[in-house]
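Have a look at the structure below, then the notes.
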Amino acid sequence: EIASQTKALKTRLEVLTQKHYDLSVNLAKQTAADRSVPDIESDLLAVSEQIEGLTKRHAALEKASEWLERAHGEIKQNYAPRLNQKMAEIFSRLTFNKYYGVKLGEAFRLNYEIMDASYLSGGTYDLLYIALRFAALSVLFGETIPPVILDDALLQLDDSRLKAASDFLINSGGFDQVIYFTCHKTSAKLFQNESIHRMEL
């Protein structure tokens, strides 16, 4: 997005620079039949101000792009490997060890082994994103994970995977607090033990 804005600004700068040049030529030649020299000087000043503003913005966007590229490199080198490993572990657990080879590819697109994750079933895809979210929390916050709020996040799962996902949320540890909203009694029944506080809304 920043690269696109930078390109657009560069094009606009080129147009304004040409306009500034054309106005300068008109002023120098004083050949404008229906325009006075003060009018042309006023246009020159306005265009000069636009060029100055756009030049500053262009420089800022290029600097932002440079820092984003640097951050992206650091994430790929330091963060992504740990995130991939943790995500694969959680995903394997949620799918009874059926799936393991998952990773975040370029532009953080989710992939399973050699194919794009979008080819997985809807329920499996949901599990993958649950694994990604909890892996990210684990990598970012370590052992002290902040409260997590889920709104029927397990809706598309079959009974066995629903049970696996609920067991993971209840027994995996590391979560300071999980708040799970559901309007389905089947899901609600899975979240039952002495440590769970249930509320009917």
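The values are calculated or read from the model by the stated rules, or taken from the named source; none is laboratory data. Just so it is clear, the structure is predicted and the values come from calculations on it, not from any experiment. We place every Cβ from the backbone using ideal geometry, glycine too, and count neighbours over all the protein chains shown. Ligands, DNA and RNA are stripped out before the accessible areas are found, and what is left, the full protein with its side chains, is counted by its heavy atoms. Shrake-Rupley method; radii C 1.70, N 1.55, O 1.52, S 1.80 Å.
The table for this structure:
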{"read-out": "Under Karplus coefficients 6.51, -1.76 and 1.60, residue-wise ³J(HN,Hα) of the range 8-16 in Hz, glycine/proline x", "value": "5, 5, 4, 5, 5, 4, 4, 5, 5"}
{"read-out": "Accessible surface ranking that places the most exposed of His58, His72, His197 first, with a 1.4 angstrom probe", "value": "His197, His72, His58"}
{"read-out": "In Hz, Karplus ³J(HN,Hα) per residue of the range 47-58 (6.51, -1.76, 1.60; θ = phi - 60°; x = Gly, Pro)", "value": "5, 4, 5, 4, 4, 4, x, 5, 5, 5, 5, 4"}
{"read-out": "Full-extension gain in nm, Lys63 to Glu41, via 0.36 nm per residue minus C-alpha separation", "value": "4.6 nm"}
{"read-out": "Whole-Hz couplings from phi, Karplus 6.51/-1.76/1.60, listed for the range 81-97; x for Gly and Pro", "value": "x, 5, 5, 4, 5, 5, 4, 4, 4, 5, 4, 4, 5, 5, 10, 6, 6"}
{"read-out": "Amide H within-cut-off set for Phe181, under 5 Å, with H built and near neighbours excluded", "value": "Leu150, Asp151, Asp152"}
{"read-out": "For a label point 7 Å along the Cα-to-beta-carbon line of Leu155, residues of the range 126-143 with backbone N under 20 Å", "value": "126-134"}
{"read-out": "All lysines inside 27 Å of Lys76 as judged from Cα atoms, apart from same-chain residues fewer than 8 positions distant", "value": "Lys7, Lys63, Lys86, Lys98, Lys103"}
